[in-house]
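In what follows, a single structure is set out as structure tokens and then discussed.
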Amino acid sequence: MTHDNNSFSIHAVSIVNLGCAKNQVDAEYLIRLLEDEGYAYTEDQSAADAIIVNSCGFIQPAKEESISVTMELKARYPEKKIVLAGCLAQRYAHTMALPEADAVAGNRDLQAVIRVLGELEEDGRPVLVLPDAPRELRRNLLLSSKGTAYVKIAEGCDNRCSYCAIPLIRGPVVSRRIEDILEEIEELLSRGIFEINLVAQDLASFGRDRGAQELPELLRRISSLSGDFWVRLLYIHPDRFPEEILPVMKADSRILPYFDIPFQHASEDILRRMGRRGTADTYLELIARIRKLLPEAVFRTTILLGFPGETRRHRREVEDFLKAGRFLWAGFFIYSPEEDTPAAGYAGTPRARWSRFRAAARKPRLEALQMEISRAILSGFVKKPMRLLVDEPVQGEELALARGYIHAPEVDGSVVLHGEGLTAGDLTEAQIIACNGIDLEALPLLR
């Protein structure tokens with residue numbers, strides 16, 4: 001399709017993707033939508049007529065990054081059209097003053113991005129946020145490393161944690177049909193994808209909009225598929241954790257015993273203020289039940305520090321929780337007040353600001369503790385075999401960066417795999433020979 005106009009013509013479009021894996025899936029959908037409308041997608045920003053910033057708006061640092069990238073792109077390419085899309089655009093489309101953005105398009109319906117591109121060929125600064133329009137979208141190009149793909153099984157969230165703006169941005173949970181998910185997974189496997197990463201704002205909420213918790217059934221249906229592949233579950237809310245998935249995972253080793261569970265805190269006082277129902281004890285009991293059935297299970301979690309009212313005692317509870325939970329991976333974030341969330345109402349007091357200040361000072365101590373825990377767990381893999389998926393060969397060296405079942409894409413450590421002729425997407429049985437910090441080192445067993 002040709003998009004000619006006396007004032008401006010857009011033929012080639014590039015995308016800068018920011019934020020989480022769910023945003024990456026949206027970017028992949030956008031590429032397909034662009035091509036269906038006759039635009040040419042290019043990774044070369046200098047060759048593009050328009051650049052889409054697929055923004056993140058979850059926490060303050062992510063917002064700042066999205067705004068900074070938009071401003072930098074306009075400064076570097078003043079002649080190009082810059083479109084602000086994604087979560088930040090969805091939330092602040094009609095209130096944010098950012099002249100560097102030539103257009104703003106929300107993400108509830110990605111067709112908004114296509115429409116503003118058309119309007120950009122006319123005078124003006126289009127701003128468009130469309131209502132929810134659940135539809136099955138398809139992808140051609142994948143932005144993840146070779147052999148791996150993310151599959152979004154639901155959109156939105158109903159958990160209503162008091163600090164979180166995701167329901168305001170993405171709306172209530174809307175689950176895809178199991179049949180559509182299976183069809184997409186089968187198509188990806190036929191293209192040579194080995195690792196399927198299931199993503200949603202909360203996998204545990206899958207099917208709740210239809211009145212049932214359907215993640216166990218989805219995994220049973222995936223388990224019925226033939227072939228050699230991995231399935232990884234990313235982000236399961238602990239208060240809704242569907243323990244019915246555990247027997248399914250035990251029966252099928254292709255569904256990896258990797259659990260990404262964002263506990264967020266350990267103090268019952270803080271968890272209640274966050275709108276969460278669990279306690280450190282109930283969460284540790286959940287971990288124990290998982291490990292009892294799946295002894296090889298590894299855990300990733302996130303901890304939110306500096307929530308209003310947090311004290312030294314609460315931070316000590318977090319420290320004790322980390323020691324007892326023995327998480328392989330943990331990320332630590334400082335609370336940032338999000339307007340229109342319940343927690344924002346008590347985030348502006350001097351005591352709340354002091355909590356954030358003290359949490360920022362305490363964060364390195366907790367990160368150091370977690371580093372010790374991670375190293376101890378990783379050292380236990382030395383002299384053991386591990387199946388690895390090669391992410392990236394190191395240029396000019398006879399080695400590559402790879403991952404095992406214990407590593408989610410992009411967020412965890414890596415395995416430095418020695419060997420000749422390694423290429424992205426290769427599968428290799430290897431022997432772990434050393435632990436260096438949070439990375440492992442390995443030699444191939446069979447090639």
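The values are calculated or read from the model by the stated rules, or taken from the named source; none is laboratory data. Computed from a predicted model, the values in this text were never measured in an experiment. Glycine also receives a Cβ, built like all others from the backbone with ideal geometry; neighbour counts cover every protein chain displayed.
Report, by residue number, each residue of segment 386-419 that is polar (S, T, N, Q) and under 16 Å from Gln431 (Cα atoms).
Listed by number, the list holds a single entry, Ser414.
Cβ-Cβ distance below 6 Å, separation of 6 or more or different chains: which pairs start in segment 222-242 with a residue that is within 23 Å of Arg208 (Cα to Cα) and end on one that is crowded, with 20+ Cβ neighbours inside 10 Å and among the polar types (S, T, N, Q)?
Listed pairs, sorted by first residue: Arg232/Asn197; Leu234/Asn197.
Looking at (1) in contact with a strand residue (DSSP E or B) (Cβ under 7 Å, 6 or more places away or on another chain); (2) crowded, with 17+ Cβ neighbours inside 10 Å, find the lone condition where Leu215 falls short.
Going through (1) in contact with a strand residue (DSSP E or B) (Cβ under 7 Å, 6 or more places away or on another chain); (2) crowded, with 17+ Cβ neighbours inside 10 Å one by one, Leu215 breaks only (1).
Are there any pairs, at least 6 apart or on different chains, whose C-beta atoms fall under 8 Å, with the first in segment 151-178 and among the basic types (Lys, Arg) and the second part of a helix (DSSP H, G or I), and if so, which?
Lys152/Lys22; Lys152/Val25; Arg160/Pro167; Arg170/Cys87; Arg170/Gln90
Under 9 Å between Cβ atoms, which residue pairs at least 6 apart in sequence (or on different chains) link something in segment 91-113 that is over 20 Å from Ala50 (Cα atoms) and at pLDDT 85 or above with a partner that is outside any loop (DSSP other than H, G, I, E, B) and among the β-branched types (Val, Ile, Thr)?
Arg91/Ile169; Tyr92/Val104
Considering segment 358-404 alone, what residues qualify as being surrounded by 15 or more Cβ atoms within 10 Å (Cβ to Cβ), outside any helix (DSSP H, G or I) and of a type in the set (Val, Ile, Thr)?
Correct list: Val390 only.
Go through segment 175-190 and give me each residue that's out of contact with any Leu (no Cβ under 7 Å at 6 or more places or on another chain), surrounded by fewer than 18 Cβ atoms within 10 Å (Cβ to Cβ) and of a type outside the set (S, T, N, Q).
Matches in segment 175-190: Arg177, Glu179, Asp180, Leu182, Glu183, Glu187, Leu189.
I'd like to check something: does segment 57-77 contain any residue that is among the small types (Gly, Ala, Ser), in contact with a helix residue (DSSP H, G or I) (Cβ under 6 Å, 6 or more places away or on another chain) and in contact (Cβ under 8 Å) with a residue 24 or more places away in the chain?
Yes, that holds for at least one residue.
I need a count of the residues in segment 424-447 that are in a loop (DSSP other than H, G, I, E, B) and acidic (Asp, Glu).
Qualifying residue count for the region: 1.
What are the residues in segment 269-283 that are assigned to a helix (DSSP H, G or I) and either surrounded by fewer than 17 Cβ atoms within 10 Å (Cβ to Cβ) or not assigned by TED's automatic domain parsing to the domain that holds Leu203 (or both), if any?
Asp269, Arg272, Asp281, Thr282 - these are the residues of segment 269-283 that are assigned to a helix (DSSP H, G or I) and either surrounded by fewer than 17 Cβ atoms within 10 Å (Cβ to Cβ) or not assigned by TED's automatic domain parsing to the domain that holds Leu203 (or both).
Would you please name the residue that is surrounded by the fewest Cβ atoms within 10 Å (Cβ to Cβ), looking only at residues in segment 293-346 that are among the aliphatic types (A, V, I, L, M) and out of contact with any helix residue (DSSP H, G or I) (no Cβ under 8 Å at 6 or more places or on another chain)?
Ranking the qualifying residues of segment 293-346, first place goes to Ala344.
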